[in-house]
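> Take a look at the following structure, please.
The values are calculated or read from the model by the stated rules, or taken from the named source; none is laboratory data. Note that the structure is a prediction, hence the values are computed from the model and not measured. Backbone-built Cβ (ideal geometry, glycine too); neighbour counts: all protein chains shown. Only protein heavy atoms, including side chains, enter the accessible area calculation; ligands, DNA and RNA are left aside. Shrake-Rupley method; radii C 1.70, N 1.55, O 1.52, S 1.80 Å.
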Amino acid sequence: MEDNERNMNDESSVILGKVQDNVTEPEAAKKQSSRKAFFRTTAICLISALLGGICGGYITAGQVRLETNDETNVPLESNKDVSINLNEGMYFAEAVAGKSQDTVVGITSDVEKQVNTFFGPQVQKGQSMGSGFIIDSNGYIVTNAHVIGDGEYKNITVSLADGSTEPGEVLWYDSAIDLAIVKINKTGLHAAEIGDSDELAVGQPVVAIGNPMTLDLERTVTQGIISGLNRSIALDDGSVMEPLIQTDASINSGNSGGPLLNAKGQVIGINTAKMSSAEGLGFSIPINTAKPILEQIIKTGKFSTVYLGITGVDVETYEKALGVDIKAEYGVVVVEATKDSPAYEAGLQNGDVITAIDGEKVESMVSLKKKLYSYKEGDKASLTISRNGEEKTIEVVLKIMPEGFGTNTNSNK
């Protein structure tokens, strides 16, 4: 069984450099190369435009790195041990591969899931294979949550570039955003350099590295462009993955958890999904989504998220379920505010619709959870809500989520 592959039609689905384009080449071939590049780029853009709005079934993939300062143990933004100079005549994908390939790992998980059958609950055993990448020299690795069976794993084995293997320990994972952090007991590793996914633009060249289909094809390198930004894909369980980077770099089953890199060899995305009904449509989680989580885990060894303390559902789902029309076009409807939680103490009521947090639009529980990842204990947040059709602003003081809270998938964790 290969759970690294996330097909959105499958019930087990779970649902991050500016371009330097002055690569030298022989003068005699420059004109012909430019003409070919023009037609190739034009064709890619036309295809991307035609397919950009298609929605279908998906399969998954992903990777990353940060570095720590030995004196302060605080994560640095990036590692610049290896630089890429595109003026040296080297094709950018070759340079990126040389810089980053040994930061990519293979992850194999023995997965045990309980499934309901005609004969009652049965334990289903299988194996998930995917990719990951080293984000810190002390053995911290990023991958997808589905690569570790969304927590339903028994043993995890990490395969390194030198051919050695190490047992892996899961420090944190969240199926809602398909991210997981794994730790191995090994130091002195080459970590990937982290980029800035907020600076991306459509058309920039990218490279994906991972283990498609099997570890026999480990650290396969593919290249393409960024085809779109801020994409959303709807999953079978009604949840939505957003925002995502769309790329035409080849991403296949097994690439899950591997890195998407820019032309400087910096990780700008974590590969997570491929549209199975079309070619050249892959998706990656922006690296900036994971940065707050990575920094805290590398600094403290764990990640403690703040919470609001509500059970909620998006407006559309709420209206369809109850056959009502509430006076809000989008947002999260508060079904319940847990006693003594930040939401309860701030005065949030059942039926309130949260439409923004500190001015940032909120459309679902998943988007609300992602926004809370950037807050710390004691931070204040301004919630824009709709109450009986009237817009109000409520200030909440955020707290660390209590252990055991949020086991309901519709609860804010």
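> If you check every pair at least six apart or on different chains, which have Cβ atoms under 7 Å apart with a residue in region 364-392 that is at positive phi first and a residue that is open to solvent by 50 Å² or more (accessible area, probe 1.4 Å) and assigned to a strand (DSSP E or B) second?
Close Cβ pairs satisfying both conditions: G378/V397.
> Now a separate question. Could you count how many residues in region 296-327 are over 24 Å from the mean Cα position of the chain (by Cα), assigned to a helix (DSSP H, G or I) and surrounded by fewer than 19 Cβ atoms within 10 Å (Cβ to Cβ)?
So the count comes out to 6.
> If you scan region 141-159, which residues turn out to be open to solvent by 30 Å² or more (accessible area, probe 1.4 Å) and in a strand (DSSP E or B)?
Within region 141-159, Y153, K154, N155, T157 meet the criteria.
Listed here are the residues, each with its yes/no results for (1) out of contact with any Cys (no Cβ under 8 Å at 6 or more places or on another chain); (2) in a helix (DSSP H, G or I); (3) open to solvent by 10 Å² or more (accessible area, probe 1.4 Å); (4) over 30 Å from V104 (Cβ atoms).
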residue	(1), (2), (3), (4)
A273	yes, no, no, no
L294	yes, yes, no, no
E329	yes, no, yes, yes
V334	yes, no, no, yes
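> Here's a check for you: in region 110-130, which residue that is polar (S, T, N, Q) and within 27 Å of V158 (Cα to Cα) is nearest to the chain's Cα centre (by Cα)?
It comes out as S128.
> OK, next. Does I135 count as under 27 Å from T300 (Cβ atoms) and in a strand (DSSP E or B)?
Yes; evaluated as a whole, the condition is true for this residue.
> Can you tell me which residue among K371, K380 is among the charged types (D, E, K, R) and surrounded by 13 or more Cβ atoms within 10 Å (Cβ to Cβ)?
Matching residue, one of K371, K380: K371.
> Right, here's the next one. Take A278 and tell me if it is assigned to a loop (DSSP other than H, G, I, E, B) and either at pLDDT 85 or above or closer than 17 Å to K291 by Cβ (or both).
The answer is no for A278.
> I'd like the full set of residues that are part of a loop (DSSP other than H, G, I, E, B), surrounded by fewer than 17 Cβ atoms within 10 Å (Cβ to Cβ) and of a type outside the set (V, I, T), limited to region 188-202.
Of everything in region 188-202, those that are part of a loop (DSSP other than H, G, I, E, B), surrounded by fewer than 17 Cβ atoms within 10 Å (Cβ to Cβ) and of a type outside the set (V, I, T) turn out to be G188, A201.
> Something else: Every residue in region 103-122 that is among the hydroxyl-bearing types (S, T, Y), under 17 Å from V170 (Cα atoms) and surrounded by fewer than 24 Cβ atoms within 10 Å (Cβ to Cβ), please.
T108
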